[in-house]
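Okay, so here's the structure we're looking at.
The values are calculated or read from the model by the stated rules, or taken from the named source; none is laboratory data. Since the model is a prediction, treat every value here as computed from it, not as a measurement. Virtual Cβ from ideal backbone geometry, glycine too; neighbours counted across all protein chains shown. Remember, those area values only see protein heavy atoms, side chains included, never the ligands or the DNA or RNA. Shrake-Rupley method; radii C 1.70, N 1.55, O 1.52, S 1.80 Å.
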Amino acid sequence: MTDIAGSSPVSEMFTADFRRDPYPTYARLRESGAACPVTAPHGFPAYVVTRYEDARAALADPRLSKDMYGAWEAYVAIFGDSSVHLDDNMINSDGAKHTRLRRLVNLAFTPRRVEALRPRVQAITDELLDRIAPGVPVDLMAAFGFPLPITVICELLGVPEADRADVQRWSATVAHTGFDEESTRAQQEAEGKLHEFLVDLIARKRAERGDDLLGSLVSARDDDRLDERELVSSAWLLLFAGHETTGNLIGNSVFHLLQRPDRLAELRARPELLPQAVEELLRFDGPAENATFRYATEELRIGDQVIPRGALVQIAIAAANRDPARFPDPDTVDFGRNNSGHLGFGHGAHYCLGASLARMEAQIALATLFARFPGIQLAVPPEQVPWLGVEIPAFRGLAELPVLPA
Ligand code: HEM
């Protein structure tokens with residue numbers, strides 16, 4: 001990214017160093033102003049919001065629209081026009097359309113419905129950890145972090161086991177926001193494959209009349225409560241949002257806990273702290289570094305900064321969650337702190353639909369992993385553990401997590 005205003009931390013934002021540790025840059029951005037103007041590689045002016053109160057207000061501000069059709073030019077420049085077949089869902093809509101699409105799946109994700117999945121999530125966790133051999137170094141992301149949420153969301157939606165590896169590969173390619181021709185082509189191809197796969201899967205669900213989540217969306221489609229593109233796009237959103245984020249939360253949490261034996265010991269001694277520990281790890285280094293696509297439908301102010309009509313607004317959740325004005329001593333992992341109101345799952349109408357599921361998966365994953373492998377360690381020094389690079393700006397997570405299970 002280049003800086004509109006001259007030299008400032010903004011110029012650091014598109015580097016591998018920033019991806020490894022964005023927090024010092026975010027601290028300087030928070031100091032420098034309420035909303036920092038940048039020009040991102042796609043060429044559209046954008047404003048980065050880093051302070052907690054501004055970020056929380058912006059997430060719920062109806063003047064900041066998420067309707068992709070309303071900012072079509074910017075949307076296509078950033079995501080390409082091939083993704084529209086997959087993106088016509090709740091996260092890219094406002095108002096009545098957003099409510100309609102969210103309501104169709106909301107019931108499947110209430111805390112009570114999610115709680116009923118607990119035994120199955122525990123069983124999948126146990127099966128995955130059974131396959132990890134003690135004493136043999138392993139990439140925990142590939143062996144555990146991603147397979148757990150992928151299996152859970154695929155079972156919930158009704159994606160057959162034989163197709164899951166393909167779905168995971170295509171999703172990972174879509175997550176790579178390449179800015180060169182080759183990665184754009186790979187991304188478009190993966191989107192095409194995913195679209196084809198989902199259309200075919202929906203046809204099968206229609207024939208089977210199954211009672212999984214996709215089956216119920218197909219019935220809603222047939223009752224005219226959503227159109228075909230919205231149906232495919234909703235399935236894709238649940239599939240994608242349901243695994244990339246949770247996998248990275250598990251990875252980031254294990255990575256930080258392994259470097260903090262005192263916190264891990266605290267957790268072992270007082271297992272009742274687990275829910276609070278997961279919230280703190282979400283605040284400290286959660287997977288949603290930024291909120292999704294938003295733009296100003298009218299001129300507005302964020303702090304002392306005027307945001308022109310049509311400009312993109314990037315809400316840096318990771319920066320807001322480390323704002324010392326809201327969370328004292330924010331760079332410390334403290335299970336005893338009051339971290340209520342952290343923005344790790346967003347805020348307002350688009351607050352994460354899968355928050356209860358993600359919390360449960362992360363709690364089960366951490367408790368079971370550390371009980372099963374009490375002597376687990378990083379297999380390489382922490383500074384050698386690779387973070388996702390500049391080509392995956394949407395998520396904060398590890399490319400690999402080499403550990404020695406024991
Ligand atoms: C640790 C894991 C997760 C994190 C950190 C996370 C984070 C978020 C955030 C920050 C948002 C709001 C985005 C915005 O306002 O721009 C969001 C929305 C959403 N999340 Fe999650 N998420 C996680 C897991 C899940 C899971 C397991 C699902 C399950 C299906 C899910 C489904 C969704 C959906 C459908 C939305 C859009 C809601 C709407 O537009 O009304 N997420 N998530």
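So what is the 222 nm mean residue ellipticity for the chain from helices alone, if each DSSP H run of at least 4 adds -39500 (n - 2.57) and you divide by all residues, rounding to the nearest 500 deg cm²/dmol?
Values: 18 runs with 198 residues, N = 406.
Here the helix-only value at 222 nm equals -15000 deg cm²/dmol.
Count the net charge of all other residues whose Cβ sits under 14 Å from the Cβ of residue 337, scoring Lys and Arg as +1 and Asp and Glu as -1.
Working: positive: 263, 283, 322, 326; negative: 266, 279, 280, 323, 329, 331, 334.
With Lys, Arg at +1 and Asp, Glu at -1, the neighbours total -3.
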Once the chain is represented by equal point scatterers at the alpha-carbon sites, with solvent omitted, what log10 I(q)/I(0) does the Debye formula produce at q = 0.07, 0.10, 0.11 Å⁻¹?
-> -0.32, -0.67, -0.82
Under the span-like rule (Cα at least 24 Å along the axis, Kyte-Doolittle mean at least 1.6), DSSP H helices of the chain | none
Alpha carbon centroid spacing (whole Å) that separates the range 15-79 from the range 186-206 | 31
So for the range 298-406, using the alpha carbon gyration tensor with a ≥ b ≥ c as root eigenvalues (a/c under 1.5 gives rounded; past that, a/b versus b/c decides prolate or oblate), I'd call it prolate
Taking Cα pairs under 8 Å and at least six residues apart, what relative contact order does the chain come out at, in percent?
-> 27
Using a 1.4 Å probe, what is the accessible area per residue for the range 91-152, in Å²?
-> 51
Excluding ligands, DNA and RNA, the carbon-plus-sulfur percentage of the accessible area of the range 266-322 with a 1.4 Å probe reads 51
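Using the Cα gyration tensor of the range 89-228, with a ≥ b ≥ c the square roots of its eigenvalues, what is the shape: rounded (a/c below 1.5), prolate (a/b larger than b/c) or oblate (neither)?
Details: a/c = 1.86, a/b = 1.21, b/c = 1.53.
Oblate is the answer for the range 89-228, as a/c is 1.5 or above yet b/c matches or exceeds a/b.
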